[in-house]
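This report concerns only the one structure given below.
None of the figures in this text is laboratory data; all of them are computed from the coordinates on show. In this text the structure is predicted, and so the values were computed from the model without any measurement. Neighbour counts run over all protein chains shown; Cβ positions are idealised from the backbone, glycine included.
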Amino acid sequence: MTTFQKNRLNKGKCPNHPDKRGMFPCAICGRFVCPDCILEDKGLKYCNNKKCREEADRCHNHPQKASFSYCFVCEQFYCEDCLIEVREEEIGGQKYISYVCKNEKDYL
């Protein structure tokens, strides 16, 4: 069992605030955290853990480049050079664009 899977099973208290309930799973490490510890960026919710923030801020293929979006197929962050636009949709008056990385272009 991976660390991510173990963290997903460990629901209950927030690891950063033991007095609060862990309600939101981090998409990167799998830990359940309280509302104060969850961040949402690039269409993904992740915890305010330093390692998770750093992973969300850099491209998987080009660590020197800032990440632009998240590929939901291979579950990694990528810069604009590594992504292909899949679809654009409007929900509640707000525009959303879905991307996959170029490695997953056959997925389309």
Original post:
For L39 and K13, what is the calculated FRET efficiency with R₀ set at 25 Å and r taken between the beta-carbons, to the nearest 0.05?
Top reply: 0.85
Original post:
Taking the Cα-to-Cβ direction at D57 and at V73 and moving 7 Å from each Cα, how far apart do the two end points lie in nm?
Top reply: 2.9 nm
